[in-house]
Amino acid sequence: MSNGLIGSSPVRRKNLDLLTGSAPYVGDIRLDGQLHAQVVRSSAARGRIVGIDCAEALRAPGVVTVITADDIDDIRIPIRLPFAESPEANLALQPPLADGVVRYAGEPVAVVVATDPYAASDAAELVAVDLEVLEPVADLAAAALASSPLVHEACANNTIKQLAYRYGDADAVFDSADVVVRRRLRVHRQAAAPLETRGLIADYDPSGGVLTVWGGAKVKHFTRNLLSQVTGLDPDRVRVVEVEVGGGFGTRGEPYPEDVLVALLALRLERPVGWCESRREHMVATNHAREQQHDVELAASADGRLLGFRVRGRCDHGAYVRTQGLLPAILPMLHLPGPYRWEAFSMDVDAVLTNRTPVGTYRGPGMTEATFVRERMIDVAAAELGIDPADLRRRNLIPKDALPFCFTPGPGSSEVLPITYRSGDFIRAFDELLAAAQYHELRDAAAGDKQASNDKPAPGDEKVGNDGKTATTTSRPATARPGQQTSRPATARPGQQTSGPGLALPPTSSSARPGRSRRSIWCRRAAARRCAARWDRWAREWRPPLRRSRPRCSACRSTRWRWSSTTRPRSRPVSAPSPAAPPCWSATPSPTRSNRSGPPQRRDWPAIPTRSCCATGRRPPTGAER
């Protein structure tokens, strides 16, 4: 083992190519006669396609062809995981191009192919898509209702799968629990943002009948088999080549509609076709992740034993089911129990369709969402029980001598896998984590600071002793240093209240929390007033004027011109007034890069707008004149 790689630090062979910029990415591939594709996408989240007019786009310079759903066969991108399928999920598979109905903003509607990417982008704007916009189903809870509009007419409702997992008798556990906490927890939608967006280049060789595809391919064999099915070529005639990838995060490499479209175009035109998505396309077309909502109940005993939990969850799958199938709903359910020794639990998780970008796997799918829900509920239970959160977790971890440990699905469960922990030492790993984070030292320091703050006496405070009697804390009289006032009368500044609700403090203020004196509250309020005064002064002198919509002219009271703000401070003097200008508009615009003459100014302030007033022909006022 001395000459092996385990435990050594071998030199990476790829570093030189990556650091010198010679590593090939999709955008670096240039083939002879290569064409460029641009995808026309839906601007509405839900609508019916009335018609698509491509005539003007076809007349644009450099355009080779424009295709819509009528120009290709009825294709659906399948699910690659057999255990993540369901009959309802197979009814919601995505076609390469929308056929009659668009179901999310960013769905491909047409593809323009031109000799260069700029011509293709310009021509794509000329494709006229006539949409009858419909009300979208965007809310997860509303989409699960029986009265909600259907995202797919072929489905009976928007819930394409109901998953259930039963372990033990959850009802009996909750009946015997001393503490039950309930929360509704939601995980918001996320999207990956790799440095390099998705891209693909396909080239078909008619002489050999071989289709070669370059691009990020996480699942190469599945992509090859899919392209073989949609093109009619034998699998050994399809080559999928993976080049360098500027970030994957789980969302890249899955077959998307663009992968199928680019391959079909290369096969039809018998020329290389390339496509690279923009950043805006990436945010609406590439898989999103993690949109979930969970209603959770957790039961515990008074001595700190976690007894069980019940979960009713919904997972947003977006408008279509993509190649990962129901995995975004299956994985959170399998990770919800975690490494704790529950006596019983009940989980119900639904996969729901909405008119939003389809959802896929991203950075530890399922584990992140489930961990947030589970650990947040344990924190809530620890606060309810008055137990240290780390101590509550430690005493409920599965011990090493209990492994292998299995949560076997019981009666009422759907077709789900058993949750099995085969090996490990959770308690030891948890203790090492607490030691590395210095958890106990941080807790002791926080408790000491809190105790010191509570025990600090303040002048005039009244505290209750252990004998139940009230003791008044006395303070020494305030002595003034030379030139210092011990007290001053309350004098009101302009626009300031010296008394009234929220300002005057009664002799026994009910707003004082235990351990905080009335004097400290008065000091905080005084500091807040001083801070507000400084903020007002800064706003008057240095804050740029806010953008105003249709202000009135001070001379004719007209509102036909619009004035935009500048970043000039209001206190900065402006240039001398123009003799020919009316007295109400007395400033001239400062020089800009386009009209500058003479030596450069001290600071290049933006030009003041000079559009005329409708009635008098006068210029709008500057900041100093207002």
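The values are calculated or read from the model by the stated rules, or taken from the named source; none is laboratory data. For clarity, every value in this text was computed on a predicted model and none was experimentally measured. FYI the Cβ positions are ideal-geometry reconstructions off the backbone, even for glycines, and counts take in every protein chain you see. The accessibility values were calculated without ligands, DNA or RNA, using every heavy atom of the protein model including side chains. Shrake-Rupley method; radii C 1.70, N 1.55, O 1.52, S 1.80 Å.
A few comments on the model shown:
- Long-range Cα-Cα pairs in the range 306-353 (distance over 13 Å), rounded percent: 59
- Note on Lys450: accessible area is roughly 140 Å² with a 1.4 Å probe, heavy atoms of protein only.
- Three-way shape call for the range 377-429 based on the alpha-carbon gyration tensor, with the a/c threshold at 1.5: oblate
- Per residue, the range 66-109 exposes 40 Å² of solvent-accessible protein surface, assessed with a 1.4 angstrom probe and all protein chains in place.
- Cα-based shape type of the range 13-57, given that a ≥ b ≥ c are square roots of the gyration tensor eigenvalues and the cut on a/c is 1.5: oblate
- Across the range 358-364, coupling constants 3J(HN,Hα) worked out from phi with the 6.51/-1.76/1.60 Karplus curve, θ = phi - 60°, read x, 10, x, 8, 7, 6, x Hz, and Gly and Pro carry x.
- Using θ = phi - 60° and Karplus 6.51 cos²θ - 1.76 cosθ + 1.60, couplings along the range 127-134 (whole Hz; Gly, Pro as x): 6, 9, 9, 8, 10, 9, 5, 10
- Shown is the FRET efficiency for Gln190 and Ala138, computed with R0 = 25 Å from the Cβ-Cβ distance and rounded to the nearest 0.05: 0.90.
- For the range 297-440, accessible area per residue (1.4 Å probe, heavy atoms of protein chains only), Å²: 40
- Given their separation in residues at 0.36 nm each and the Cα-Cα distance between them, Thr408 and His221 gain 64.0 nm when the chain is fully extended.
- Cα-based shape type of the range 19-109, given that a ≥ b ≥ c are square roots of the gyration tensor eigenvalues and the cut on a/c is 1.5: oblate
- Per residue accessible area of the range 208-251, 1.4 Å probe, in Å²: 45
- When only Cα pairs below 8 angstrom with a gap of at least 6 residues are kept, the range 113-222 shows a relative contact order of 10 percent.
- From phi via Karplus (6.51, -1.76, 1.60), per-residue ³J(HN,Hα) for the range 413-423 in Hz, x at Gly/Pro: 7, 7, 6, 10, 7, x, 9, 10, 10, 8, 8
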